[in-house]
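The values are calculated or read from the model by the stated rules, or taken from the named source; none is laboratory data. These numbers come from a predicted model, not from an experiment. No Cβ is skipped: glycine too gets one built from the backbone with ideal geometry, and neighbour counts run over all protein chains shown. The protein model used for the area step is the full one, side chains on, heavy atoms only, and it has no ligands, DNA or RNA in it. Shrake-Rupley method; radii C 1.70, N 1.55, O 1.52, S 1.80 Å.
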Amino acid sequence: MNNLSRIFILRWLVVVILAFSVVVDSLQPQMLSEQLSSRLVSTKWSVRLDVGLQPGTWMPKRYPGWAESGARLVVDADIEFTKDLLPENIQGESLVGPKEQTGILRVNHLGDSSTKNNPYNPSTFVSEMGTQTVKFTDGGWCIKRPTADVRNAEGGRIQPEGILAFWLDCESGAIKRDVEIFPKMRIFFTTGVWDDPSRLEVLESEYKEALVDLQTIEEKTREARTEAADKNWFDQLRDVRSMFVDSEEYERLKNRKEELERRSPPKSAVKAENGVLLAPNGSLVVKGNPNRPKWMPTTEYLILGTFTSKSLSS
């Protein structure tokens, strides 16, 4: 290779590196995003992890013998959704959300975050070996706003106000019979969230209005059928036309009612003191290829189990 070729290649590499740097810088704004002003911020919850075999999981294929006995490992952790963004030296997770919109999730610190009175309180569970201690470390969280229906933990179609995703790391690992959370395993949580109480009031009002309109059409149809026997053929024809119009309106209202039901929180949703609601349960997954280099995207996730939530005093 002659000197002219070397100079050309070096110049090309410099141009590529500079262009890449500009793109990366444009994707890393460190600012408070709209979702970090959510009412979920500063709320505290207890999550109960229920780890074991789930329909569709590939955990036993990746880890032969895993949970084949049907045992379950249940352990609690206390979490807080903070308004602080992930530090620049901590990598984000695409499954959770954009790095620049990911906040810090504090785990097992129930003290006042503005003071040093926030000691770490490890999680525990009971196995055949007695009480076991589990150490979780802080993670990250983000809310995505869905524009179409998604599947909940039971497989039903819903469209919550937000999809809440977060992760924490199990530094110590945990074992109960043949169910294991491996040391340093990153666990991802996903569930529905409704963090705007005023929007929920509008949803409830629209739902009640749709119910009243549906009941009005049903009563009108029943009355028309009862009176039809006493009318001549011309009046009956007019009633049929009217019923046809009402039928179209009824179908529209029925679809509207079902849409509002998918967008509304379930009756068993868990409520915080400030009105934020979480779905009663959610899913747990882990990376199927945890040893893949961090700069490479993860293409596989394995179902680890499910979890439930309980609001704690803020």
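Quick one: in segment 32-58, which of the residues that are under 30 Å from Lys271 (Cβ atoms) and open to solvent by 100 Å² or more (accessible area, probe 1.4 Å) is modelled with the highest pLDDT?
Applying the filter and picking the extreme gives Arg48.
Which pairs do you get when a residue that is in contact (Cβ under 8 Å) with a residue 12 or more places away in the chain and aromatic (Phe, Trp, Tyr), found in segment 248-272, comes within reach of a residue that is in a helix (DSSP H, G or I) and open to solvent by 60 Å² or more (accessible area, probe 1.4 Å), reach meaning Cβ atoms under 8 angstrom, with the pair 6+ apart or on two chains?
Tyr250/Glu218
Return only the number of the condition from (1) open to solvent by 40 Å² or more (accessible area, probe 1.4 Å); (2) out of contact with any Phe, Trp or Tyr (no Cβ under 6 Å at 6 or more places or on another chain); (3) in a loop (DSSP other than H, G, I, E, B) that Lys83 does not satisfy.
Condition (3) is where Lys83 drops out.
Only one residue in Thr298, Thr226 is modelled with pLDDT under 70 and within 25 Å of Val150 (Cβ to Cβ), so which one is that?
Thr298
Residues to consider are Gly97, Gly139; find the one that is of a type outside the set (A, V, I, L, M), in contact with an Asp or Glu (Cβ under 8 Å, 6 or more places away or on another chain) and at pLDDT 90 or above.
Numbers: Gly97 fails: in contact with an Asp or Glu (Cβ under 8 Å, 6 or more places away or on another chain).
Matching residue, one of Gly97, Gly139: Gly139.
Can you confirm whether segment 194-217 contains a residue that is open to solvent by less than 70 Å² (accessible area, probe 1.4 Å), modelled with pLDDT of 85 or more and under 30 Å from Cys170 (Cβ atoms)?
Yes: segment 194-217 contains one or more residues that are open to solvent by less than 70 Å² (accessible area, probe 1.4 Å), modelled with pLDDT of 85 or more and under 30 Å from Cys170 (Cβ atoms).
In segment 94-105, which residues are surrounded by 21 or more Cβ atoms within 10 Å (Cβ to Cβ) and over 15 Å from Ser37 (Cα atoms)?
Passing the criteria: Val96, Gly97.
Cβ-Cβ distance below 6 Å, separation of 6 or more or different chains: which pairs start in segment 280-296 with a residue that is on the phi > 0 side of the Ramachandran plot and end on one that is at pLDDT 75 or above and of a type in the set (Gly, Ala, Ser)?
If the second residue must be at pLDDT 75 or above and of a type in the set (Gly, Ala, Ser), no pairs are left.
Could you tell me how many of the residues in segment 59-78 are touching a residue at least 60 places away in the same chain (Cβ under 8 Å), of a type outside the set (Phe, Trp, Tyr) and either closer than 19 Å to Ser172 by Cβ or surrounded by 15 or more Cβ atoms within 10 Å (Cβ to Cβ) (or both)?
Selection size over segment 59-78: 8.
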